[in-house]
Protein chains: 2
Amino acid sequence: MTGPAGSICGYTFDDYVEMVKKFHGSPAPGVIIGGFMVNLALRLLPPGRLYDAICETSVCLPDAVQLLTPCTIGNGWLKVLDYSRFAITLYDKETGEGVRIHLDPQKIKSFPEIEGWFLKKKPKSSQDLNLILGEIRTAGESILTEKRVKITPGMYRRPRMGPVAICPSCGEAYPSKDGTTCLACRAGFISGGD
Amino acid sequence: MTGPAGSICGYTFDDYVEMVKKFHGSPAPGVIIGGFMVNLALRLLPPGRLYDAICETSVCLPDAVQLLTPCTIGNGWLKVLDYSRFAITLYDKETGEGVRIHLDPQKIKSFPEIEGWFLKKKPKSSQDLNLILGEIRTAGESILTEKRVKITPGMYRRPRMGPVAICPSCGEAYPSKDGTTCLACRAGFISGGD
């Protein structure tokens, strides 16, 4: 569900903050701003389509996408690329047409608390979460920049697992395409057979 | 919140199935079994401690962990290792002591629908989701195997971001430790400056 500018996918700011506290553990500024990012992306895209999502960082943003869209890590519709950029992309599963939203460093200059947090101009100990959240509420989508993009459909889709084998080393199931033992045993990760 | 064997972290089977439908989009067998895995792990661990989580596959299991524990991708307490093994580990953030639970291929022999799905002995088209879920409900924790483990505390913790710079190529914020431009620009990923 999307909503007008100012709301977050149909939720009020305060309701969304509560959802974030419950899922993420705290009202982290990144997840709150992420809510506005998802809302803007969905507003710019045609309704009634199925979208895949990309987060360019594993920090905070994946939780906004998972809370507000059908895309999760576990269903594979959300892909995290560890580029450490604060950006999300939502794109049509079939056509690849979508929109990328990022938190724009040029647009936060009049929001000293957001700037202090995002660009780390203030040490963590002197950041005030309530002041940051207040500025985020005021700023809304005004600190975001959007760009139309086209992603090759399927490019970031999870590959099919294919046939399953039992690893002779740990005795657990794994995709036989991975080789004669599972990847975990080859990497020396905790063996189930110890 | 944990619960007795048979319940899923305090939820009934049916309530958990509804939660999974809402978050994951469908009552995928992997997320449902994942619920029993999380429940067993938490029951075997001392209450009142903070746990980090590892999933050894990105398929399904991360959503069970995210629904039932405070660990999410966005807060960094859940780490996904792409080993394609159907296992989760919960471990004490401070001591590293924990438990690893996997779906045991040896224990599903009397559950033909689960076996057909998990080991891909049946083609997808002849799998019956309701029959699989029925077997999962009956099987509960009996198809799981646990193992005490000790993870080096902090080993899978997200590294600190450190100072932030503005990428001269895309104009976006990135951790300056990544180099003179951001990783996305170096990888040729969608440029915000196009």
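Taking the label point as lying 7 angstrom from Cα along the Cα-to-Cβ axis, what are the distances from B:Gly10 to the corresponding position in the remaining copies, in ascending order and in nanometres?
2.6
Taking each label point as 7 Å beyond Cα in the direction of the beta carbon, state the distances from A:Gly188 to the same residue in the other copies, shortest first, in nm.
3.4
Please state, rounded to one decimal and in Å, the Kirkwood hydrodynamic radius that chain B gives when every pair of distinct Cα atoms enters the mean of 1/r.
Numbers: mean 1/r = 0.0543 Å⁻¹.
About 18.4 Å, per the Kirkwood formula over Cα pairs.
Please work out, to two decimal places, the log10 of the ratio I(q)/I(0) at q = 0.09, 0.10, 0.13, 0.15 Å⁻¹ from a Debye calculation in which every Cα of the protein assembly as shown carries one identical scatterer.
-0.55, -0.67, -1.12, -1.40
Holding the Cα-Cα limit at 32 Å, pick out from B:Lys122/B:Lys150; A:Lys79/A:Lys177; B:Lys79/B:Lys121; A:Lys122/B:Lys150 the pairs that are longer than that. Please list the in-between numbers first.
Details: B:Lys122/B:Lys150 37 Å; A:Lys79/A:Lys177 22 Å; B:Lys79/B:Lys121 30 Å; A:Lys122/B:Lys150 37 Å.
Violating the 32 Å limit, Cα to Cα: B:Lys122/B:Lys150; A:Lys122/B:Lys150.
Taking springs between alpha-carbon atoms closer than 10 angstrom, which of A:Gly98, A:Gly34, A:Gly76 fluctuates most in the Gaussian network model of chain A?
Maximum fluctuation in the GNM of chain A, among the listed residues, is at A:Gly76.
By how many degrees, between 0 and 90 and to the nearest 10, does the Cα long axis of helix A:129-139 differ from the longest principal axis of chain A?
70
Could you tell me which residue out of A:Pro159, B:Ile101, B:Leu90 lies farthest along the dipole of the protein assembly as shown toward its positive end? Charges go on the beta carbon: Lys and Arg +1, Asp and Glu -1, centred on the Cα centre.
Selected residue: A:Pro159.
Any chance you could check the Cα centroid distance between segment B:88-123 and segment B:1-68 for me, in angstrom?
Result: 12 Å between the Cα centres.
In nm, what does the list of distances from A:Thr138 to its counterparts in the other copies look like, shortest first, when each label sits 7 Å along Cα to Cβ?
Copy-to-copy label distances for A:Thr138: 6.3 nm.
So how far apart, in nm, are the two label points at B:Thr12 and A:Asp128 if each is 7 Å from Cα heading toward Cβ?
4.9
For chain B, modelled as a Gaussian network with Cα springs under 10 Å, which listed residue fluctuates most, B:Val149, B:Val38, B:Val99?
So, out of B:Val149, B:Val38, B:Val99, the one fluctuating most is B:Val149.
Which whole-number percentage describes the relative contact order of chain B, with Cα contacts under 8 Å and a sequence gap of 6 or more?
17
Please figure out what share of the DSSP beta bridges in segment A:25-138 is antiparallel and state it in percent, rounded to the nearest 5. Let's see the in-between values first.
Numbers: 10 of 13 bridges.
Antiparallel: roughly 75 percent of the beta bridges in segment A:25-138.
Which whole number gives the average count of other chain Cβ atoms within 10 Å of the Cβ atoms across peptide B:164-173? All intermediate terms of the calculation are to be shown ahead of the outcome.
Values: counts 7, 3, 3, 2, 0, 0, 3, 5, 12, 12.
Per residue, the number of nearby Cβ atoms from other chains is 5 on average.
Tell me, for the rotation carrying A onto B, which chain A residue has the beta-carbon closest to the axis and what that distance is in whole Å.
It is A:Ile73, 3, counting Cβ atoms only.
Springs between alpha-carbon pairs under 10 angstrom, Gaussian network model over chain B: which of B:Thr69, B:Thr152, B:Thr180 fluctuates most?
Highest fluctuation among the options: B:Thr180.
When all protein chains stay in place, what accessible area (Å², nearest 10, 1.4 Å probe) is found for A:His102?
10
How much accessible area does B:Ile108 have with a 1.4 Å probe, in Å² rounded to the nearest 10?
0
What shape does segment A:146-194 take by its C-alpha gyration tensor, where a ≥ b ≥ c are the square roots of the eigenvalues and a/c under 1.5 counts as rounded, a/b above b/c as prolate, and the rest as oblate?
Values: a/c = 4.64, a/b = 2.53, b/c = 1.83.
Because a/c hits 1.5 or more and a/b exceeds b/c, segment A:146-194 counts as prolate.
Relative to the longest principal axis of chain B, what angle (0 to 90°, nearest 10) does the C-alpha long axis of helix B:29-44 take?
With both axes taken from Cα atoms, the answer is about 90 degrees.
Give, in nm to one decimal, the length gained when the segment between B:Ser142 and B:Glu97 is fully stretched (0.36 nm per residue of separation minus the Cα-Cα distance). Numbers along the way, then the final one.
Working: separation 45, 0.36 × 45 = 16.20 nm, distance 2.33 nm.
Separation in residues times 0.36 nm, less the Cα-Cα distance, equals 13.9 nm.
What three numbers, in Å, describe the spread of the alpha carbons of segment A:98-186 along their principal axes, ordered from the longest?
Its Cα atoms span 59, 37, 18 Å along the three principal axes.
Give, rounded to the nearest 20 debye, the magnitude of the charge dipole that the protein assembly as shown has about its Cα centre when Lys and Arg contribute +1 at Cβ and Asp and Glu contribute -1 at Cβ. If you can, show how the numbers build up before the last one.
Details: 46 positive and 40 negative charges, 155 e Å.
Dipole of the protein assembly as shown, to the nearest 20 debye: 740 debye.
Please calculate how many Å² of accessible area the protein assembly as shown carries per residue, with a 1.4 Å probe and no DNA, RNA or ligand atoms counted. Walk me through the numbers before you get to the answer.
Working: 17090 Å² over 388 residues.
On a per-residue basis, 44 Å².
Would you compute, from DSSP H runs of 4+ residues alone, the mean residue ellipticity of the protein assembly as shown at 222 nm, taking -39500 (n - 2.57) per run and dividing by the full residue count, rounded to the nearest 500? Write out the running numbers ahead of the final one.
Details: 12 runs with 118 residues, N = 388.
Value at 222 nm, helices only, nearest 500: -9000 deg cm²/dmol.
For peptide B:54-64, what's the mean number of Cβ atoms from other chains within 10 Å of each residue's Cβ?
Values: counts 2, 2, 8, 5, 8, 6, 5, 2, 7, 5, 1.
Per residue, the average neighbour count from other chains is 5.
For helix A:13-24, what angle does its Cα long axis make with the longest principal axis of chain A, in degrees from 0 to 90 and rounded to 10?
Once rounded, one gets 30 degrees.
The values are calculated or read from the model by the stated rules, or taken from the named source; none is laboratory data. Note that the structure is predicted; figures quoted are calculated from it, not measured. With ideal geometry, Cβ positions are generated from the backbone for all residues, glycine too; neighbour counts draw on all protein chains shown. Heavy atoms of the whole protein, side chains included, go into the accessibility calculation; ligands, DNA and RNA do not. Shrake-Rupley method; radii C 1.70, N 1.55, O 1.52, S 1.80 Å.
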